[in-house]
Amino acid sequence: MVKVALRRPRPNFGHVSLFLVALLVGFLVVTQLRGQLAAESASGRSQLSDARLLADLIEANNRLRTEITKAEQELAALKGNSRVDVDTLVTELNRLKAINGLLEVSGPGVEVEILGNPEPFEMLDLVNELRNAGAEAIAIGNPQTMVRLVYRSGIGGGRGWILVDGILLSGPYYIRAIGSPDTILKTLERRGGLLALLRYTHPDWVVTVTPADRITLPVYPNQLSFKYARLMQ
Amino acid sequence: MSLGFFGRPPVLLALSLIGLALATGYRLSTQSLETARDAGDVSAVAAQLEAEQRRLQNRLGELQAERDRLRSRAQGPQEGLSGLLAELISQQVLAGTVGLTGPGVVVVLDDSPRRPLRGEDPTLYLVLDSHLRDVVNLLWQGGAEAVAINGERLVVSSSIYAAGGTIVVNAARLAPPYEIVAIGPPELETLLKAPDRLTQLKARVQNYGLQFTVRRVPEVTVPPYKGGFATEHLRW
């Protein structure tokens, strides 16, 4: 009978120390990497959105200054001859109608073409990004129909079918926006931006943004009435 | 001179790695400090711009009120003016520069009171800009006529996006809880509560304790938009 002696491993202090050192290194490296990733994502995100926030605030204040100048001029005219200048009123009325989607509008801008089957939230995010980039008027559609967006436009449907204010749209989808082509293009195409995300999530889609000197958007097709809201007294 | 244990190649490698890790850590903490200082600057600049914005909004509000008062007083002798002024008001209502009141819903969204577990993504416990966009979009789909978030009226140019831990609407930084008020049909409440709607948000409510309440109200007030509209590129 062969007796097999079970060999108890002798404690090797070198190995134990190495094990402890490796553990410590592992812990430190992982901690640092986590910290680095967190720092990168936090600073990357906040620097980008900080810049966006400041740009937004500056633009909002500039728009307010423009409106103040206009109001001051009209007020001075009203005080001067106590008559309402009809031309000023008509200009203001038409400007509001253009903003509200009730006049056909044109101007420089971009066309976003989506060869894919977006979900409603993806279209919503694109519209949000265009507004963020200072788009002054937007329409969504396909080669047959373009639907102008108004303040209360809702985007519904499902993947591959998009409902804009009750109007059914199939692809290929186009979003046309009037505004600074350069700013809109840069906002949409920035690294890590919305288009990069869409292209990454849907590698089979083709999403292109084309700047244009002149884009024309139609009048909003539905009635805009108020059934529940009243003027605040 | 012998280095003994510390002289062995694996131990030397391990020690170098520790050194590297510690050095990286030092560099990162310096960077974090710089980032924090930058963030402080941004916050201070943003606060200044916001104060400027409030001043400009107040000034514009005063001028517009005075202008409207003079316009309505001058109305008498001028022919066709009353029709024009009425049309102007209806366009201002659509543009959102007039406060409105009526029946509707109040939706409140708030961050989760729970703390994220170790290693979990903390944003799972926060109200995101996309949640607010989804709620607002559903309100419009349900026939809402006017909507505001924390007092910011949503107009045709409004976007909802995240910046530095807050959500920005109309260049105003909003903080949770987010109260969305909407004037519209009573069915809005049912629509928002429907299990097949706002599924992503409702999953966060279920799994991470995000707060989401909807209640129908007989009367709600939606304040006017106080900003301006950009029309530099627009021709009509």
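Within the stretch B:159-202, the set of residues being within 13 Å of B:L139 (Cβ to Cβ), of a type in the set (A, V, I, L, M, F, W, C) and at the interface with chain A (Cβ under 7 Å from one of its Cβ atoms) comprises B:I160, B:I183. Being over 20 Å from the mean Cα position of the chain (by Cα), touching a residue at least 60 places away in the same chain (Cβ under 8 Å) and buried (at least 17 other Cβ atoms within 10 Å of the Cβ) is the requirement here; does A:Y174 meet it? Spelling it out, it is not the case that A:Y174 is over 20 Å from the mean Cα position of the chain (by Cα), touching a residue at least 60 places away in the same chain (Cβ under 8 Å) and buried (at least 17 other Cβ atoms within 10 Å of the Cβ). Per the conditions (1) part of a loop (DSSP other than H, G, I, E, B); (2) surrounded by 21 or more Cβ atoms within 10 Å (Cβ to Cβ), the sole criterion not satisfied by B:L188 is (1).
Restricting B:V127, B:V217 to residues that are more than 10 Å from chain A (Cβ to nearest Cβ) and part of a loop (DSSP other than H, G, I, E, B) narrows the list to B:V127. A single entry from B:R235, B:R153 fulfils the requirement of being free of Cβ contacts under 8 Å to residues at least 24 places away in the same chain and either within 12 Å of chain A (Cβ to nearest Cβ) or in contact with a Lys or Arg (Cβ under 7 Å, 6 or more places away or on another chain) (or both): B:R235. Does the stretch B:112-130 include one or more residues that are at pLDDT 95 or above, at positive phi and surrounded by fewer than 22 Cβ atoms within 10 Å (Cβ to Cβ)? Looking through the stretch B:112-130, none of the residues is at pLDDT 95 or above, at positive phi and surrounded by fewer than 22 Cβ atoms within 10 Å (Cβ to Cβ).
Sub-9 Å Cβ pairs linking a first residue in the stretch A:116-130 that is more than 14 Å from B:L132 (Cα to Cα) to a second residue that is of a type in the set (S, T, N, Q), at least 6 apart or interchain, are A:P120/B:N137; A:E122/A:T201; A:V127/A:S153; A:V127/B:S159; A:E129/A:T187; A:E129/B:S159; A:L130/A:T187; A:L130/B:S159, ordered by first then second residue.
Beta carbons closer than 6 Å, at least 6 apart along the sequence or on distinct chains, pair a first residue in the stretch B:184-207 that is under 19 Å from B:G104 (Cα atoms) with a second that is among the β-branched types (V, I, T) and surrounded by 17 or more Cβ atoms within 10 Å (Cβ to Cβ) for B:L188/B:V105; B:E189/B:V105; B:E189/B:V214; B:L192/B:V214; B:K193/B:V214.
Summed over the stretch B:131-171, residues that are assigned to a strand (DSSP E or B), crowded, with 21+ Cβ neighbours inside 10 Å and aliphatic (A, V, I, L, M) total 9. Taking the criterion of being at pLDDT below 95 and basic (K, R), the only residue of the stretch A:132-164 that qualifies is A:R159. Looking only at the stretch A:167-211, which residues are in a loop (DSSP other than H, G, I, E, B), out of contact with any helix residue (DSSP H, G or I) (no Cβ under 8 Å at 6 or more places or on another chain) and closer than 18 Å to A:E119 by Cβ? Of everything in the stretch A:167-211, those that are in a loop (DSSP other than H, G, I, E, B), out of contact with any helix residue (DSSP H, G or I) (no Cβ under 8 Å at 6 or more places or on another chain) and closer than 18 Å to A:E119 by Cβ turn out to be A:S170, A:G171, A:P172, A:H202, A:P203, A:D204.
Of the residues making up the stretch A:182-198, those that are within 15 Å of the chain's Cα centre (by Cα) and either at pLDDT 95 or above or within 25 Å of A:I99 (Cβ to Cβ) (or both) are A:T183, A:I184, A:L185, A:K186, A:T187, A:L188, A:L194. Of the residues making up the stretch B:121-149, those that are farther than 19 Å from B:A171 by Cβ, in contact (Cβ under 8 Å) with a residue 24 or more places away in the chain and of a type in the set (D, E, K, R) are B:D134, B:E145.
Looking at the stretch B:99-112 only, could you name the residues that are touching a Phe, Trp or Tyr at 6+ places or on another chain (Cβ under 9 Å) and in a loop (DSSP other than H, G, I, E, B)? Once the filter is applied, which keeps residues that are touching a Phe, Trp or Tyr at 6+ places or on another chain (Cβ under 9 Å) and in a loop (DSSP other than H, G, I, E, B), the stretch B:99-112 yields B:D111, B:S112.
Could you list, in sequence order, the residues of the stretch B:208-236 that are of a type outside the set (A, V, I, L, M), within 17 Å of the chain's Cα centre (by Cα) and crowded, with 18+ Cβ neighbours inside 10 Å? Correct list: B:F212, B:P224, B:Y225, B:K226, B:G227.
The values are calculated or read from the model by the stated rules, or taken from the named source; none is laboratory data. This one's a predicted model, so the numbers in the text were calculated from it and none came from an experiment. With ideal geometry, Cβ positions are generated from the backbone for all residues, glycine too; neighbour counts draw on all protein chains shown.
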